[in-house]
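First comes the structure, then the notes that go with it.
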Amino acid sequence: MSQQTLIGAALMVVGTLLFLPGVTPGTATVPNVVLVAAAALLTYGTYLVGTSEGGRPV
């Protein structure tokens with residue numbers, strides 16, 4: 001695995017963990033900035049993993 005793949009996977013995990021308070025019932029209101037940051041990390045992590053190999057990006 002390349003370093004780009006590992007960084008992308010780590011960003012995807014962190015982004016997913018940031019989403020959990022927003023979708024868990026019974027929690028306090030989560031600020032929108034946390035959800036936006038989670039979406040951005042997931043998007044960038046997916047991009048890094050998708051473009052880590054040669055050839056056509058997935």
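The values are calculated or read from the model by the stated rules, or taken from the named source; none is laboratory data. As the structure is a computational prediction, the values presented were derived from the model and not from experiment. Neighbour counts run over all protein chains shown; Cβ positions are idealised from the backbone, glycine included.
The table below gives the values:
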read-out: Residue in the stretch 18-49 that is surrounded by the fewest Cβ atoms within 10 Å (Cβ to Cβ), counting only those that are over 9 Å from the mean Cα position of the chain (by Cα) and closer than 9 Å to residue 8 by Cα; value: 47
read-out: Filtered residue count, the stretch 19-58, keeping only those that are modelled with pLDDT of 80 or more and in a loop (DSSP other than H, G, I, E, B); value: 3
